[in-house]
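Visitor: Got a structure here, written out as structure tokens. Questions coming.
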Amino acid sequence: MHHWRRDVVELAALFTAVAVADGVANLIGHGPDGPALLVISAVTLAATAGFHTWWTRRHGHAPPAGDTDARSLSQEQQAGPSDESSATPETVPGQSTLWRMRTTVKDEPGSLAALCTALAGRQVDILSLQTHPLAEGTVDEFLLRAPAGLMAAELTRAVSQAGGSDTWIERADAHDLVDVPTRVLGLAARTALDAAELPLALRQLLGRCTIRQLPATPVGGGRGPGGLPVEGALEDTVMRLRAPEGGVITVERPYLPFTPTEFARARALVELDARLGPRVPHSQDVLTLPEGNEITVRRADARDLEAAKAMHERCSARTLSLRYHGPVGDADRYLNHLLSPRFGRTLAMQTASGRIVGLGHLLWDGDETEVALLIEDKWQRRGIGTELLERLVALAAEADCESVYAVTQASNTGMVAAMRGLGLPLDYQIEEGTLVITARLKTSQAGSRLPYEATEEQVGERIARD
């Protein structure tokens, strides 16, 4: 539509110019010096046009000959808008992308050199390299910095042409820049401080994976898992490890097989945990309730079993039913599991006399995280549950959990109100008469910084608190 309008305007301008030229020619041509003036005018116009062309070429805005990026941009601007179907994503010159890549190469001289040469030919910088020896061949794991316009498919194709096979690649971030020995030592320190950190440390060590732990004696009775060698077992994408207390830790990573090197690292971390024995940080905070009473919130573990049972005895049947969703008489059987740091973290609310009046649990459920509360009847509606829930969600955020869920009943208005009070996006689902509320944690709230990446001020605060 815009093209024909422009054509009409150009034609009108042309006709106007012709009419003006004809009028001027008739006026001058019929005069005494008309022919001479017309010749002089033609020469002057030709000279002016030639000077304009020379000046434009010398002082124009074209990019220097060596500026390839600027020349490409100028050509794109001159070409005008292109068909959207042939458009490609625009990249800013100088930008780069981090990639994590694994590939299997033959265990022979020159195989790694060929791979590095292929990457260098595409302007890819190798930031770190790990080798995982196998029975046949070697798995090379790279951290790469590649030009932003280089796609994963092109990288994979280049590696394949250089002799790599079974190549896996994904985007990386700044946290992957930490070298492996530093990362492993940091995870070991994290596990040494808190037994509840073992599953989280394994996940940081092995990447995206699902971790489940089966107790030696199931909560409902029966036989526990058996037949696992002391050294554990590795089966492609699944590894099984002997838990320190006799259970089994199962780690699954369907998208990428585990290597013997990763299996050895995971075993060493579990062995360290077993040698250190049960432990929790001894930090605690003293809070003042609205009515003026002081109450202490602290970490709890299996040593608080008797105090937790005593709280059960003081709770009403309705309170226990809302918490455990089953026969009230079976409530005590869950406490060994709930108080074990192997399955999560527990916070206890304790009065000045030493009586536990509230328990909050953060439970690792595979790749999900459950939160649960139990408040003694006489201490309900005092803000204890809200305080516990907020602290548990903060612990989940520090552990890089994407969400937490609570299983309750619609009639449990206290739990529903506490979840709504978090100020987080919530999802509600009804499953067989049970209400499941899932809170999605904000990315800005999640603590992505590992203990060995903390600032000096944060380390000082942790030491003072613990």
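Visitor: Which whole-number value in Å³ per residue fits the convex hull of the alpha carbons of the stretch 319-418?
Guide: So the per-residue hull volume is 115 Å³.
Visitor: Here is a further query. Go ahead and run the numbers for FRET between residue 352 and residue 129, Cβ-Cβ distance against an R0 of 56 Å, rounding to 0.05.
Guide: Working from the Cβ atoms, E equals 0.45.
Visitor: Under a plain spin-label model, where a point goes 7 Å from the Cα along Cα-to-Cβ, how far apart in nm are residue 283 and residue 261?
Guide: Reported label-point gap for residue 283 and residue 261 is 3.4 nm.
Visitor: Rounded to the nearest 0.05, what FRET efficiency do residue 417 and residue 157 have when you use their Cβ-Cβ distance and R0 = 56 Å?
Guide: It comes to 0.50.
Visitor: What Kirkwood hydrodynamic radius do you get for the stretch 148-193 when you take the inverse of the mean 1/r over all pairs of distinct Cα atoms, in Å?
Guide: 13.3 Å is the Kirkwood radius here.
Visitor: Given a 1.4 Å probe and the protein chains all in place, what does the accessible area of residue 106 round to, in Å² to the nearest 10?
Guide: 140 Å²
The values are calculated or read from the model by the stated rules, or taken from the named source; none is laboratory data. All of these numbers come straight from a predicted model, not from anything done at the bench. Cβ atoms come from the backbone with ideal geometry, glycine included; neighbour counts cover every protein chain shown. Ligands, DNA and RNA are excluded from the accessible area calculation, which covers all protein heavy atoms including side chains. Shrake-Rupley method; radii C 1.70, N 1.55, O 1.52, S 1.80 Å.
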